[in-house]
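The values are calculated or read from the model by the stated rules, or taken from the named source; none is laboratory data. No experiment lies behind these values; they were computed from the predicted model shown. For neighbour counting, all protein chains shown are included, and Cβ atoms are generated from backbone atoms with ideal geometry for every residue, glycine included.
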Amino acid sequence: MPKSNGSLPPAGPPKYLRRGKVKEVYEVSPTELEFRFTNDISVFDKHIPSEIPHKGETLARTAEHWFDLCRRLGVPHHFLGLSGPTSMRVRRVRVVPKPTSLGPHPKDYLVPLEMIVRYYLAGSMWDRVKSGHVDAAALGFPSGTPLTYGMPLPEPHFEVTTKLEPVDRLLTTAEALELSALDRKELDAIRETILKIDAAMQREVGPRGLIHVDGKKEFAVDADGVLMVVDTFGTADEDRFWDKDAYERGRHVDFSKEFVRQHYRQSGYYDRLQAARAAHADEPPIPPLPPLLVDEVSRLYTTVFERLTGEAFAPRAPTS
């Protein structure tokens, strides 16, 4: 499928279905949905009361770029095309919290898992290392190896979290299989598909001076029982990228939402949030971003789009 450039024909007024953290979902037909990407932003499963100019458009157009990569790789996916600067059409599947309720060998459903693959020690994994919950052996290093932020992992680290719960929760392999109605062979196939996509992504962004550090992907089972990539991936929201030249000089320059996460870590909000969650207490509301930081984050998203796709960012006019 060639890139759509927002050329999908209108299909009548879509029906609003639900809102996620940063996008709205509309029904176009019984077999098709429309995702509309807002300028909202979230971290730590909290919706920040600030809007980031151009964020929605960069996400939609970056998603288009990577689904075109899936097409070239022969990886099944749900993307049909852009329907506007901030919206895209996708194949529809059922969203069922417990797919086992659909009977043996279910089809046509969203796999209620998020698949994360890490190539470097960073982000929440570094938090777990510092807290003593993860050691060198768990990451594939010889036992007792000193761990430092940003070091490459000896092998890709695959982990699975929940998708449809209010706060993402790490799962064991047995829990993931039980929750998703997948078998071990299918979960292994998902891992290999992710590694295939990520290798192709790195081949593409490497010459543009980026390192793909980690990222998450989601999958569904289509009506024929075929696993396919869904939602979006490879954007500044789902993945972490570092500047290659800076990394080789010992610095970690993030091209991802990590920039925003660090703001809330440094302000002390993250620690307050984690303490409330550990105590099962009311979570503190997340404050808005300072205006100057909003401008910086907007520039970050447009810069990430340009570095990932190789295209200059210029806002597109809304389709009529």
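Descriptive notes on the structure:
- Output for the range 190-204, where each listed residue is touching a residue at least 12 places away in the same chain (Cβ under 8 Å) and surrounded by fewer than 20 Cβ atoms within 10 Å (Cβ to Cβ): ARG191, LEU195, LYS196, ALA200, GLU204
- Of all the listed residues (VAL43, VAL96), the sole one being modelled with pLDDT under 95 and closer than 16 Å to LYS23 by Cα is VAL43.
- Residue list for the range 304-318, filter: outside any helix (DSSP H, G or I) and of a type outside the set (A, V, I, L, M, F, W, C): GLY310, GLU311, PRO315, ARG316, PRO318
- Some residue of the range 98-105 being under 26 Å from ALA60 (Cα atoms), of a type outside the set (Val, Ile, Thr), in the same structural domain as PHE233 (by TED's automatic domain parsing) and not in a helix (DSSP H, G or I): no
- Taken as a whole, the structure leaves LEU273 outside the set of residues that are in a helix (DSSP H, G or I), surrounded by fewer than 14 Cβ atoms within 10 Å (Cβ to Cβ) and aliphatic (A, V, I, L, M).
- Residues that are in contact with a helix residue (DSSP H, G or I) (Cβ under 7 Å, 6 or more places away or on another chain), touching a residue at least 40 places away in the same chain (Cβ under 8 Å) and either in a helix (DSSP H, G or I) or more than 16 Å from ILE194 (Cα to Cα) (or both) within the range 106-136 comprise PRO106, TYR109, PRO112, GLY123, listed in sequence order.
- Number of the exception - ASP198 against (1) in a helix (DSSP H, G or I); (2) under 21 Å from PRO106 (Cα atoms): (2)
- Failed condition for PRO318, given (1) of a type outside the set (Phe, Trp, Tyr); (2) surrounded by 12 or more Cβ atoms within 10 Å (Cβ to Cβ); (3) over 30 Å from TYR270 (Cα atoms): (2)
- Residues considered: ARG203, ARG251. Of these, the only one that is in a loop (DSSP other than H, G, I, E, B), more than 15 Å from the chain's Cα centre (by Cα) and among the basic types (Lys, Arg) is ARG251.
- Selection count, the range 144-174, where residues are at pLDDT 95 or above and either of a type in the set (Phe, Trp, Tyr) or more than 21 Å from the chain's Cα centre (by Cα) (or both): 9
- Of all residues in the range 31-51, those that are touching a residue at least 12 places away in the same chain (Cβ under 8 Å) have Cβ atoms under 7 Å from Cβ atoms of residues that are part of a strand (DSSP E or B) and of a type in the set (Lys, Arg), 6 or more apart or on another chain, in THR31/ARG91; GLU32/ARG89; GLU32/ARG91; GLU34/ARG89; PHE35/LYS23; ARG36/LYS23; PHE37/LYS23; THR38/LYS23.
- From the options LEU308, LEU300, residue that is of a type in the set (A, V, I, L, M), modelled with pLDDT under 95 and within 10 Å of THR58 (Cβ to Cβ): LEU300
- Against the test of being out of contact with any helix residue (DSSP H, G or I) (no Cβ under 7 Å at 6 or more places or on another chain), surrounded by fewer than 18 Cβ atoms within 10 Å (Cβ to Cβ) and at pLDDT 95 or above, the options ASP282, ASP224, ASP231 yield a single qualifying residue, ASP224.
- Selected residue (only one of VAL75, VAL96, VAL90 is more than 30 Å from ARG203 (Cα to Cα), surrounded by 16 or more Cβ atoms within 10 Å (Cβ to Cβ) and not acidic (Asp, Glu)): VAL96
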